[in-house]
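Report on the following structure.
The values are calculated or read from the model by the stated rules, or taken from the named source; none is laboratory data. Just so you know, these numbers come straight off a predicted model, no measurement behind them. Note that we place each Cβ from the backbone using ideal geometry, even for glycine, and neighbour counts take in every protein chain shown.
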């Protein structure tokens, strides 16, 4: 849902977030447009939490960095602020503890879970924004189709996507290195 249609900045976003009627709401800023995030459905929350748990166990066991669930804010520019459903930041790029209120960089891996309120074009725009600022891998989990779209930047700079179905395995390749997860484990039976 678009909260405003004119181009806004991070300062405008903070003004909207601070309004009393918005204290329990989340907003993203993409290319100067403010979007109100709709509260996730139970299935959406279950899948994003489940994925973050699998990823976090692997990342912690191998001391690779940090996994963040829904609600972690990434301020990428004065016109781009994103909140992925889950994300991974490598230890090489991780800030010192305690963490700041928001990160001023993109995650190495951005994970989005498609909800009924998401339009395919909106998800693509978010992925394009992540990669514009340096995200190295993006996974979009589609519960209804029981598949995951994997986004990577091609050698020519284009954004490439391929789909891994319910019988496939997600491979983190170098983000995070060695992480593999059967897609089947993400979606409830």
Using the structure shown, decide if residue 34 is touching a helix residue (DSSP H, G or I) at 6+ places or on another chain (Cβ under 8 Å), surrounded by 14 or more Cβ atoms within 10 Å (Cβ to Cβ) and over 17 Å from residue 179 (Cα atoms). yes
Of all residues in the range 12-31 being in contact (Cβ under 8 Å) with a residue 24 or more places away in the chain and surrounded by fewer than 17 Cβ atoms within 10 Å (Cβ to Cβ), which is farthest from the chain's Cα centre (by Cα)? 31
From the list 59, 89, 81, exactly one residue is more than 20 Å from residue 124 (Cα to Cα) and within 15 Å of the chain's Cα centre (by Cα). Which is it? 89
For the range 157-178, check the following and say yes or no: at least one residue is in a strand (DSSP E or B), at pLDDT 95 or above and buried (at least 20 other Cβ atoms within 10 Å of the Cβ). yes
